[in-house]
Amino acid sequence: MLNCKSLVDQASDFTDKSLPWHRVLSIKFHLLMCVHCRRFMRHFRTTINLSAHIAKENEQLSDTEVSEVMDSIKQLDSEQK
């Protein structure tokens, strides 16, 4: 079975959908069992999406936007507990 460290090591390839099917299946199974890795993947994807948004807009976020993002992350984190 896949361990947490292996999942973290393969998170980028998993998100990019560049892994063979057996690795994807192993990661999905691990995510079903591990709340910590589900949280990690959610934060990982949020970071990627936020980075893409910043790069696309090519400007700095306002304090309000930063607060909104942080509130969203905190809310997602509290829902998992």
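Structure notes:
- Counting the residues of the range 5-43 that are among the charged types (D, E, K, R), free of Cβ contacts under 8 Å to residues at least 40 places away in the same chain and not in a loop (DSSP other than H, G, I, E, B) gives 6.
- Checking Ile54 against (1) modelled with pLDDT under 95; (2) surrounded by 13 or more Cβ atoms within 10 Å (Cβ to Cβ); (3) under 12 Å from the mean Cα position of the chain (by Cα); (4) not charged (D, E, K, R), the condition it does not meet: (3)
- Looking only at the range 1-44, residues that are farther than 29 Å from Val69 by Cβ, exposed (fewer than 14 other Cβ atoms within 10 Å of the Cβ) and not polar (S, T, N, Q) come to 6 in all.
- Number of the exception - Asn49 against (1) surrounded by 15 or more Cβ atoms within 10 Å (Cβ to Cβ); (2) within 25 Å of Glu79 (Cβ to Cβ): (1)
The values are calculated or read from the model by the stated rules, or taken from the named source; none is laboratory data. Not measured: the values here are computed from a predicted model. We place every Cβ from the backbone using ideal geometry, glycine too, and count neighbours over all the protein chains shown.
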